[in-house]
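Below is one structure, written out as structure tokens; the observations come after it.
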Amino acid sequence: QVQLVESGGGLVQPGGSLRLACAASGSIFSINIMGWYRQAPGKQREMVARITGDSAPNYADSVKDRFTISRDNTKNTVSLQMNSLKPNDTAVYYCYCNINRVRPVGLRRDDYWGQGTQVTVSS
């Protein structure tokens, strides 16, 4: 089975920075989409940033110009550099990948989620 492991969450003051990282492991043929979602208590999960194939990254309007997503296809990793953090950025952040796996007959595409890492922005 494929596993996604996140790291880098923590407690920071407003205006501070954090870098999240996610590593995908297991039986992976290729990764179509790598990205980050977040969910605050009582709120729906929302897309923060993601990269599909070789296309330009997509960002939520609320994080544009503050966050930067990058992926390394040779290592199956994706990171999220978060600068100028605000209290409203407080949430559990989830790594997301859409992954192609080799099956007995051809390939299979499935969604995978990390366990989540807590980001708290507070003074």
Estimated distance in nm for a label pair at Ser17 and Asp65, the labels positioned 7 Å out from Cα along Cα-to-Cβ: 1.8 nm
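Enter the accessible area per residue of the chain (Å², integer; probe 1.4 Å; all protein chains in place).
Roughly 56 Å² per residue, with all protein chains present.
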Solvent-accessible surface (1.4 angstrom probe) belonging to Lys75, in square angstrom, nearest 10: 140 Å²
Lys/Arg +1, Asp/Glu -1 at C-beta; region 11-62 dipole; positive extreme among Asn32, Ile51, Val12: Val12
Surface share of carbon and sulfur [accessible, 1.4 angstrom probe, percent] for the chain: 46 percent
Hz values of 3J(HN,Hα) by residue in region 64-70 - Karplus curve (6.51, -1.76, 1.60), Gly and Pro given as x: 4, 6, 10, 10, 9, 9, 8
Charge dipole magnitude, Cβ of K and R +1, D and E -1 - the chain, Cα centre, debye nearest 20: 180 debye
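The values are calculated or read from the model by the stated rules, or taken from the named source; none is laboratory data. It should be emphasised that the depicted structure is a prediction, and the values quoted were computed from it without experimental measurement. Neighbour counts are summed over all protein chains in view; Cβ atoms, including those assigned to glycine, are modelled from backbone coordinates with ideal geometry. Accessible surface is based on the protein model in full, side chains and every heavy atom, while ligands, DNA and RNA are left aside. Shrake-Rupley method; radii C 1.70, N 1.55, O 1.52, S 1.80 Å.
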